[in-house]
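Right, I'll just put the structure down here and ask away after.
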Amino acid sequence: MSKTDFDLLKATLQTKLATIATGSDKRADIVIQQSPDALDQTQFATERDLVVSLLNRDTQMSRLVKGALRRMVDGTYGTCLACEDPISVKRLQAVPWAELCLHCQERSDLTAAGVLGADHEEDVKLGSG
């Protein structure tokens, strides 16, 4: 990875982290509102659930971005955490906080979806049945 690519990816990660931080004022929207109307109560609860989901997503993204920035500092950025092979620059440009190479990410996704069993991961090749 060139110095220019690295600097651009670092700037992208820092911008993403700043964007997440400015959106953290959503906590004020988690308020229990009372209403005598059951339909309004349901709507308020749905809106609270949505805000909580958005906060959870932002928290997870913040962790991933901070992890990528830490790996940049310690010199392991761009290396797959599972197989230790390099992560392609093209993948990092698409997903700068990527922790896994494309192959390991696909395997992880299939395992999480229940397509691959955790104990049979190595036995099954992607793309074969």
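Pairs under 7 Å by beta carbon, first residue β-branched (V, I, T) in segment 1-16, partner not in a loop (DSSP other than H, G, I, E, B), six or more apart or different chains?
none
Check segment 66-75 and report whether any residue there is part of a helix (DSSP H, G or I), of a type in the set (G, A, S) and either at pLDDT 95 or above or within 23 Å of A11 (Cβ to Cβ) (or both).
Yes, because at least one residue in segment 66-75 is part of a helix (DSSP H, G or I), of a type in the set (G, A, S) and either at pLDDT 95 or above or within 23 Å of A11 (Cβ to Cβ) (or both).
From the residues in segment 63-97 that are touching a residue at least 12 places away in the same chain (Cβ under 8 Å) and open to solvent by 80 Å² or more (accessible area, probe 1.4 Å), which one is nearest to M1 (Cα to Cα)?
In this case the residue turns out to be P86.
May I pose another question? Tell me which residues, restricted to segment 34-62, are of a type in the set (V, I, T), within 17 Å of T19 (Cα to Cα) and free of Cβ contacts under 8 Å to residues at least 24 places away in the same chain. Don't jump to the end; show me each part of the working.
Here is the first cut: in segment 34-62, the residues of a type in the set (V, I, T) are 42, 46, 51-52, 59.
After this cut, where a residue has to be within 17 Å of T19 (Cα to Cα) as well, the list is 51, 59.
Within segment 34-62, T59 is the sole residue that qualifies.
The values are calculated or read from the model by the stated rules, or taken from the named source; none is laboratory data. It should be emphasised that the depicted structure is a prediction, and the values quoted were computed from it without experimental measurement. Heads up, the Cβs are rebuilt from the backbone with ideal geometry, glycines too, and the neighbour counts pull from every protein chain shown. Accessible surface areas use protein heavy atoms only, side chains included; no ligands, DNA or RNA. Shrake-Rupley method; radii C 1.70, N 1.55, O 1.52, S 1.80 Å.
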